[in-house]
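This report refers to the structure that appears directly beneath it.
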């Protein structure tokens with residue numbers, strides 16, 4: 001039922017759309033600033049499949065690709081898909097950020113096959129077309145997201161450099177930490193669709209995937225062609241800037257360099273303690289003096305009940321200069337109490353002296369109730385009253 005509703009939404013954006021005529025809501029380059037090449041990339045029983053390749057005229061080198069995914073067939077309502085103002089508009093807009101915009105047709109019922117055929121064609125003809133099929137950022141919206149989401153989250157598709165998802169949802173293969181994704185939510189959209197978007201985006205955040213979410217609170221489904229106002233144009237501009245940024249070599253290098261720590265923190269946040277511990281151990285094998293990795297490894301070990309090992313790494317994190325003295329000392333004291341080691345717990349709690357938020361938290365912590373009469377605990381507890 002949901003697929004039917006999404007398909008209806010896609011058709012609606014090609015025809016009625018709030019009683020307005022579809023018009024891409026962003027300044028586009030003049031015809032003499034770009035070139036358009038139409039290619040036939042596949043043959044089907046229903047006819048040939050074609051794609052339009054838009055390129056800025058001033059660029060002669062091979063350009064990364066901003067690919068406008070078609071998941072619904074050759075037509076969008078009564079209009080040929082690649083001629084629709086929305087998709088032709090995005091294809092032309094891609095040329096303003098140093099990319100080639102590619103707008104495709106698809107065999108109805110077999111959109112994934114059509115996509116793979118197009119990528120294969122672009123790969124075989126990359127020199128002639130001036131495109132780089134190893135750098136593709138894919139745009140999908142509405143019903144097309146059902147095809148697009150599995151593609152941009154498929155780890156085998158290593159040529160995917162990023163994804164843009166507008167007001168649609170689809171099944172996630174896995175949350176890739178090497179593929180930035182921009183999700184744009186239309187605040188006035190149907191409730192079930194926004195709930196699906198919210199659920200998927202939340203899951204992405206839980207594993208620390210590089211997803212960015214924009215909520216256009218007053219935006220309708222298809223706002224990029226039906227809401228002709230400054231707010232919609234601003235979101236389109238942010239989208240183009242996002243694509244430009246993630247295609248920069250230095251951005252890609254930074255993303256990959258941070259991938260191991262991002263992955264480790266994803267396991268950490270989702271409380272997958274064994275995977276988190278293994279990831280932080282790999283980081284420490286490469287850099288034994290990484291005080292952050294020692295801290296988070298200690299947390300992962302404590303999460304598994306391995307408190308003695310955790311205490312060792314909490315100590316190392318502090319000895320190596322980690323500035324989160326309060327958080328680390330509090331956690332280490334809790335691990336010490338879990339082992340029944342009051343002396344070690346008090347030694348860590350003394351480090352909280354004068355750290356207002358942590359002393360307040362210490363006072364409320366049931367684990368420390370048995371320490372309340374110890375002069376050292378009292379010294380820390382009273383440090384706030386003393387103005388320290």
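In table form, for the structure just shown:
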{"quantity": "In nm, spacing of pseudo-spin labels at residue 289 and residue 343 (7 Å Cα→C-beta vector)", "calculated": "3.2"}
{"quantity": "Sum of -39500 (n - 2.57) over DSSP H runs of 4+, divided by residues of the chain (222 nm, nearest 500)", "calculated": "-14500 deg cm²/dmol"}
{"quantity": "Which label in (i) 279; (ii) 168; (iii) 181 gives the computed volume of the Cα convex hull per residue in Å³", "calculated": "(iii)"}
{"quantity": "Anisotropy class of the range 297-388 from Cα gyration tensor, a/c 1.5 cut", "calculated": "oblate"}
{"quantity": "Potential lengthening between residue 199 and residue 116 on full extension [0.36 nm per residue; Cα-Cα distance subtracted]", "calculated": "27.1 nm"}
{"quantity": "The range 14-141 - percent relative contact order, Cα under 8 Å, separation 6 or more", "calculated": "30"}
{"quantity": "The range 259-381 - percent relative contact order, Cα under 8 Å, separation 6 or more", "calculated": "16"}
{"quantity": "Computed over the range 165-275, Kirkwood Rh from alpha-carbon pairs, angstrom", "calculated": "15.3"}
{"quantity": "Candidates 362, 138, 149: whichever shows maximal mean-square fluctuation once the chain is modelled as a Gaussian network with Cα springs under 10 Å", "calculated": "362"}
{"quantity": "Helix axis angle, 111-124 relative to the chain longest principal axis, alpha carbon, degrees", "calculated": "80"}
{"quantity": "Contour excess over end-to-end distance, with Cα ends at residue 378 and residue 361 and 0.36 nm allotted per residue", "calculated": "4.7 nm"}
{"quantity": "For the range 71-226, average projected area of the Cα convex hull in nm²", "calculated": "9.2"}
{"quantity": "The chain: angle of helix 325-338 to the longest principal axis, Cα-based, in degrees nearest 10", "calculated": "60"}
{"quantity": "The range 284-320-the range 213-228 distance, computed between alpha-carbon centres (Å)", "calculated": "46"}
{"quantity": "Whole-number D in µm² s⁻¹ for the range 23-132, Kirkwood Cα-pair radius fed into Stokes-Einstein, 10 °C, 1.306 mPa s", "calculated": "114"}
{"quantity": "Percent of beta bridges antiparallel (DSSP, the chain, rounded to nearest 5)", "calculated": "40"}
{"quantity": "Mean separation of Cα contacts under 8 Å (6+ apart) over length of the range 2-254, as relative contact order %", "calculated": "19"}
{"quantity": "Between 0 and 90°, nearest 10: helix 249-269 axis offset from the chain longest Cα axis", "calculated": "50"}
{"quantity": "Spin-label zone in the range 82-121 - amide nitrogen under 17 Å from a point set 7 Å from the Cα of residue 46 along the C-beta vector", "calculated": "82-84, 104-118"}
{"quantity": "Kirkwood-type radius of the range 248-366, with distances r between different C-alpha atoms, in Å", "calculated": "14.9"}
{"quantity": "Additional length obtainable on full extension of the chain from residue 270 to residue 256, 0.36 nm per residue less Cα span", "calculated": "2.9 nm"}
{"quantity": "Among 145, 39, 53: highest mean-square fluctuation, GNM of the chain, C-alpha pairs under 10 Å", "calculated": "39"}
{"quantity": "Residue 229 versus residue 278: modelled label distance in nm, points set 7 Å from Cα along the beta carbon direction", "calculated": "5.0"}
{"quantity": "Gap separating the Cα centres of the range 99-119 and the range 20-65, nearest whole Å", "calculated": "13"}
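No value in this document is a laboratory result; all are computed from the given coordinates. This one's a predicted model, so the numbers in the text were calculated from it and none came from an experiment. We place every Cβ from the backbone using ideal geometry, glycine too, and count neighbours over all the protein chains shown.
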